[in-house]
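S.K.: Structure below; questions to follow.
Bear in mind that the values in this text are calculations on the coordinates, not laboratory data. Here the structure is a predicted model, which means the values were calculated and not measured. Methodologically, a virtual Cβ is constructed for each residue, glycine included, from the backbone with ideal geometry; neighbour enumeration extends over all protein chains shown.
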Amino acid sequence: MIFKDDHDKNVFLELLHDGLKTYPIILYCYALCKETSKSFDEIKREWGILRQIAMDLLYRVGRLSGTEIGEMMGIDYSTVSQGRKRLREKLKNDTHISQIIKSVEIDLSTIFDPIFSFSILIL
């Protein structure tokens, strides 16, 4: 993977150190950290919207269960469920939150499209 600068590389290495061993999961977290300019540790400790966005991305895009996300973030699965529910409510009225999620998803698509194209060539 090519990094734009040392900060991007350090964010990625921090995620690896945090025990996120599945490559796509690391990329989801990396994209959110890059978009928010926060470390994954900071996002995990927050009680607010960024943690809810992380939980939602890991659930929807990363296909992790509420229990798995809870273990990653040091919370129980019901907190994950409640956080995702609150995020859905906030999304109805807050375009800024929608923009953060859209930016992360666009960033992810630029990462995964070349990987997907390469796998098609191999097949």
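S.K.: Calculate, in nm to one decimal, what N10 and S81 gain on full extension: separation in residues at 0.36 nm each, minus their alpha carbon distance.
M.R.: Working: separation 71, 0.36 × 71 = 25.56 nm, distance 3.03 nm.
Here the segment from N10 to S81 would lengthen by 22.5 nm.
S.K.: Provide the packing ranking of 26-34, 84-92, 58-66, 98-106, i.e. peptides ordered by the mean count of other C-beta atoms within 10 Å per residue, highest first.
M.R.: Working: 26-34: 22.2, 84-92: 13.3, 58-66: 17.4, 98-106: 15.0.
Output ranking for 26-34, 84-92, 58-66, 98-106: 26-34, 58-66, 98-106, 84-92.
S.K.: A further question on this structure: So how much slack lies between S37 and E89, counting 0.36 nm per residue of separation and subtracting their Cα-Cα distance, in nm? Present the calculation step by step, with values, prior to reporting the outcome.
M.R.: Details: separation 52, 0.36 × 52 = 18.72 nm, distance 2.45 nm.
My answer for the length gained is 16.3 nm.
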